Amino acid sequence: MTLIYTMPMHTPTATAEYMKLSVSERIQLVEDIWDSIAAEAPNTVELSQAQMAELHRRVAAHRTDPSTAIPWEQVRSKLFLSKL
């Protein structure tokens, strides 16, 4: 699903408009905003040492046993099953 945002998001009208969206649509909106930020400024979002350590731990765990990975499509379908 692709949502098109045509009004400024800081107005009371915009707040009312995005609150009309379902939870899954609002999550998609946040994902779209985050992706646009990452695309415009890929090096401006810095991770803390704790976040970096957690990422390294997870990558190491995955490399040790890749069979424990769960595809995002499967996770997403379970999370949003009742909301789609």
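Applying the condition of being among the charged types (D, E, K, R) and either closer than 30 Å to Ser22 by Cβ or surrounded by 10 or more Cβ atoms within 10 Å (Cβ to Cβ) (or both) to the stretch 36-83 and asking which residue is nearest to the chain's Cα centre (by Cα) yields Arg76.
Scanning the stretch 15-26 for residues that are free of Cβ contacts under 8 Å to residues at least 24 places away in the same chain and either surrounded by 10 or more Cβ atoms within 10 Å (Cβ to Cβ) or hydrophobic (A, V, I, L, M, F, W, C) (or both) turns up Thr15, Ala16, Glu17, Tyr18, Met19, Leu21, Arg26. Applying the criterion of being in a helix (DSSP H, G or I) and in contact with a helix residue (DSSP H, G or I) (Cβ under 7 Å, 6 or more places away or on another chain) to the residues of the stretch 15-33, the residue that is nearest to Glu73 (Cα to Cα) is Ser24.
So for the stretch 9-21 (the condition being at pLDDT below 90, of a type outside the set (Phe, Trp, Tyr) and in contact with a Leu (Cβ under 7 Å, 6 or more places away or on another chain)), does at least one residue qualify? Scanning the stretch 9-21, I find at least one residue that is at pLDDT below 90, of a type outside the set (Phe, Trp, Tyr) and in contact with a Leu (Cβ under 7 Å, 6 or more places away or on another chain), so the answer is yes. Arg58 falls short on exactly one of the conditions (1) more than 27 Å from Ser24 (Cβ to Cβ); (2) out of contact with any helix residue (DSSP H, G or I) (no Cβ under 9 Å at 6 or more places or on another chain), and that condition is (1).
The values are calculated or read from the model by the stated rules, or taken from the named source; none is laboratory data. Predicted model only: the values in this text are computed from it and were never measured. Neighbour counts are summed over all protein chains in view; Cβ atoms, including those assigned to glycine, are modelled from backbone coordinates with ideal geometry.
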